[in-house]
């Protein structure tokens, strides 16, 4: 999955000399958490809602309201922004972006083209959308999670059985940290032929060296919602 297929390309920017107050109003009015900062048409940094909160006077300050508003109207974005923000190329993978976000503990990335021009923004939500789309969970796919020997061809044997049963494979994910030593855990989502899975599952259960950890379809009808 490539970043360019999932990033936001409609980008609001703010000039480096814009007041912090105006930048905050722009974020609030557009319900966004970060703004790329430009100076003379070039990317100069990024400002986030956290930067604005940290720049704002504390509620315990002795300043009155007029003084606080004056301070924020005089303070410039360039004074509180993150200069030279972490950026990735639009041709980098979504998986790489997720790794960078996790390692750096950030929730968004600036995306540039080969000439370092700003072309997009990528958020945690964009990464999650890409991951959800890739797994096929939203299509009502049947998931089978199996442990199998970590040898060449073990996944191919699984695919052969699925093919023989005319199941359409939507995604395959492999991991090692959650599998027994010498094994790998494979999660495959399929659309069974005519919706029948009983015979397929029995055949998979009978495979030597393969163990079904879980199976089923995720219940997406009553997903938890924040109150």
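Quick notes on this structure:
- Here the range 1-45 and the range 73-100 have alpha carbon centers that stand 10 Å from each other.
- Order of 32, 217 under a 10 Å beta carbon neighbour criterion, fewest first: 217, 32
- Classified by the C-alpha gyration tensor, the range 111-162 has a prolate form. Its axis ratio a/c, with a ≥ b ≥ c, is 1.5 or above, and a/b is larger than b/c.
- Normalising the average separation of contacting C-alpha pairs (under 8 angstrom, six or more residues apart) by the number of residues puts the relative contact order of the chain at 18 percent.
- Shape of the range 126-210, Cα gyration tensor, a/c cut at 1.5: oblate
- For the range 3-132: relative contact order, % (alpha-carbon pairs under 8 angstrom, 6 or more apart): 32
- If both residues of a DSSP beta bridge must be in the range 3-132, then about 75% of such bridges are antiparallel.
- Within the range 83-99: backbone nitrogen closer than 14 Å to the residue 112 label point (7 Å, Cα to C-beta): 83-92
- Using the average count of surrounding beta-carbon atoms within 10 Å as a protection proxy, the listed peptides 204-215, 138-149 rank, highest first, as 138-149, 204-215.
- Extension gain, residue 89-residue 175: 0.36 nm per intervening residue step, less the Cα-Cα distance, totals 28.3 nm.
- Cα-based shape type of the chain, given that a ≥ b ≥ c are square roots of the gyration tensor eigenvalues and the cut on a/c is 1.5: prolate
- Hypothetical label at residue 96: residues of the range 174-200 whose amide nitrogen lies under 13 Å (7 Å Cα-Cβ projection): none
- Centroid-to-centroid, using Cα positions, the range 142-159 and the range 201-227 are 15 Å apart.
Bear in mind that the values in this text are calculations on the coordinates, not laboratory data. Only a predicted model underlies this, so the values are computations on that prediction, with no experimental measurement involved. Note: ideal-geometry Cβ built from the backbone for every residue, glycine included; neighbour counts use all protein chains shown.
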